[in-house]
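A quick write-up on the structure given underneath.
The values are calculated or read from the model by the stated rules, or taken from the named source; none is laboratory data. This one's a predicted model, so the numbers in the text were calculated from it and none came from an experiment. Neighbour counts are summed over all protein chains in view; Cβ atoms, including those assigned to glycine, are modelled from backbone coordinates with ideal geometry. Surface accessibility is based on the protein's heavy atoms, side chains included, excluding ligands, DNA and RNA. Shrake-Rupley method; radii C 1.70, N 1.55, O 1.52, S 1.80 Å.
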Amino acid sequence: MKRANLPVSKIANIANVSPATVSRVLNHPELVNKETRDLIEKAILDAGYDIEKVMQNKIEQNKRILLAVLPSIDNPFYNNVMKGFKTSANSHQFDVVMYLGNINRNNLDHFLDVVKMSNARGVICLNRKMDKDVADSINAFIPLIQCCEYNKESNAEYVSINDFAAAKNATEYMLNLNYRKIAFINGPLSFNYAQERLRGFEAAMEEKGINVPKNWKISLPEVSYSLGYSAASQLLGANDKPDAIFCAADVFAISVIKAANRYGLRVPEDVGVVGFDNVEMASITNPGITTVNQPAYQIGFTAGETIYEKISNPTSKPRSILLDTELIARESIIRYSK
């Protein structure tokens, strides 16, 4: 019977070479002279092993791939997360492969087939919060880290931030600058972050006894400049317009500034703007955008280190991490004096 699993020491004894030489033939044959390679390959065949299967197994074992699941590549925030993740992965000699799309019960089997075909060693998932059974199924099959979005009921660990607290703090900052007519442009409520940021915004407004008109709380189907521009135009083009807009993403905040220009409104003199994420554009837009710094690079890097720990030590105690945020004050909002 032809076999594929190869005991290196046994082949070394047969060929009368060192185990290190056998390993070099299997892993880096270009470093070994042809005569020695032929000797070792003959020993493998004489011992009843299938040389082709042995070499294929070594190729598969040497694959060091991590799979990153993203909902899209349009949001610059995800690009920053991926930079941190790839830095961590590369430092541990792993390559990163991206999978675009959301995972649910309907496509779970297909996703697990993709994991098998890619021979991935671990997965980080940045897409919307998965159902507990879906996340647990993946985690039972391959080490999984939920990144940004997470289901805390799942057995899978997560790396993220406290979106509720961050949004509440940003809203309180606006209230402390004397704004009361504040609108909110949000992402899709199918995402946990959007639910939590809306909750934080509403909590801060309710504590001040302020009722926000329903049409001033806009949830968009995706984070995009064009959708943000349409929503901002809807708010700023009305007779009764807000004095400030809190945006659940910097992309939306940039859209608000553009829409304000369309209606002859000045930022921050006529309308204050606060964003979320602190992407690079937030600091170079005119005016610079006051925003919640979500440490995207650090989130990605920490997710990479956590998945590496799980792969290296499968019995290690699970630990989930919530990283700190901070409000970065720039020129897009000032103390309201009207």
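Matching residues to (1) touching an Asp or Glu at 6+ places or on another chain (Cβ under 8 Å); (2) at pLDDT 90 or above:
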{"residue": "ASN90", "(1), (2)": "no, yes"}
{"residue": "ASN106", "(1), (2)": "no, yes"}
{"residue": "ASP109", "(1), (2)": "no, yes"}
{"residue": "LYS116", "(1), (2)": "no, no"}
{"residue": "ARG121", "(1), (2)": "no, yes"}
{"residue": "LYS132", "(1), (2)": "yes, yes"}
{"residue": "ILE142", "(1), (2)": "no, yes"}
{"residue": "CYS148", "(1), (2)": "no, yes"}
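Note on the range 186-212: residues that are open to solvent by less than 70 Å² (accessible area, probe 1.4 Å), among the aliphatic types (A, V, I, L, M) and in contact with a Ser or Thr (Cβ under 9 Å, 6 or more places away or on another chain) total 5. Residues of the range 69-81 that are in contact (Cβ under 8 Å) with a residue 60 or more places away in the chain and of a type in the set (A, V, I, L, M, F, W, C): PHE77, VAL81.
Scanning the range 87-110 for residues that are among the β-branched types (Val, Ile, Thr) and closer than 20 Å to ALA296 by Cα, we see that the one that is least open to solvent (accessible area, probe 1.4 Å) is VAL96. Report whether or not ARG262 is in contact (Cβ under 8 Å) with a residue 24 or more places away in the chain and open to solvent by 20 Å² or more (accessible area, probe 1.4 Å). When the stated conditions are applied, ARG262 passes them. Within the range 13-47, the set of residues being more than 47 Å from the chain's Cα centre (by Cα), open to solvent by less than 70 Å² (accessible area, probe 1.4 Å) and touching a residue at least 24 places away in the same chain (Cβ under 8 Å) comprises ALA15, ALA43, ALA47. Restricting the first member to the range 217-236 and to residues that are more than 14 Å from VAL273 (Cβ to Cβ) and among the charged types (D, E, K, R), and the second to residues that are open to solvent by less than 20 Å² (accessible area, probe 1.4 Å) and part of a helix (DSSP H, G or I), the beta-carbon pairs closer than 9 Å and six or more apart or on different chains are LYS217/PHE201. Selection of strands (runs of 3 or more DSSP E) fully inside the range 82-186 by the criterion of at least 2 residues being in contact (Cβ under 8 Å) with a residue 12 or more places away in the chain and within 30 Å of ALA204 (Cβ to Cβ) returns 144-147, 157-161, 182-186.
Applying the selection to the range 221-231, what residues are among the hydrophobic types (A, V, I, L, M, F, W, C) and touching a strand residue (DSSP E or B) at 6+ places or on another chain (Cβ under 7 Å)? ALA231, the sole residue that qualifies. When the range 115-173 is filtered for residues that are open to solvent by less than 10 Å² (accessible area, probe 1.4 Å) and hydroxyl-bearing (Ser, Thr, Tyr), the ones remaining, listed by number, are SER160, THR171.
One residue stands out in the range 252-271 among those that are assigned to a loop (DSSP other than H, G, I, E, B) and either touching a Gly at 6+ places or on another chain (Cβ under 6 Å) or of a type outside the set (Asp, Glu) (or both): the one that is nearest to TYR229 (Cα to Cα), namely TYR263. Would you point out which residue out of VAL81, VAL54, VAL69 is at negative phi, open to solvent by less than 40 Å² (accessible area, probe 1.4 Å) and modelled with pLDDT under 75? Every option except VAL54 fails the conditions. Anything in the range 272-329 that is open to solvent by less than 30 Å² (accessible area, probe 1.4 Å), in a strand (DSSP E or B) and over 22 Å from PRO143 (Cβ atoms)? List them, or say none. Once the filter is applied, which keeps residues that are open to solvent by less than 30 Å² (accessible area, probe 1.4 Å), in a strand (DSSP E or B) and over 22 Å from PRO143 (Cβ atoms), the range 272-329 yields GLY272, VAL273, VAL274, GLY275, PHE276, ASP277, THR290, THR291, VAL292. If you go through the range 218-251 and keep only what is closer than 19 Å to ILE284 by Cα, in a loop (DSSP other than H, G, I, E, B) and open to solvent by 50 Å² or more (accessible area, probe 1.4 Å), you end up with nothing.
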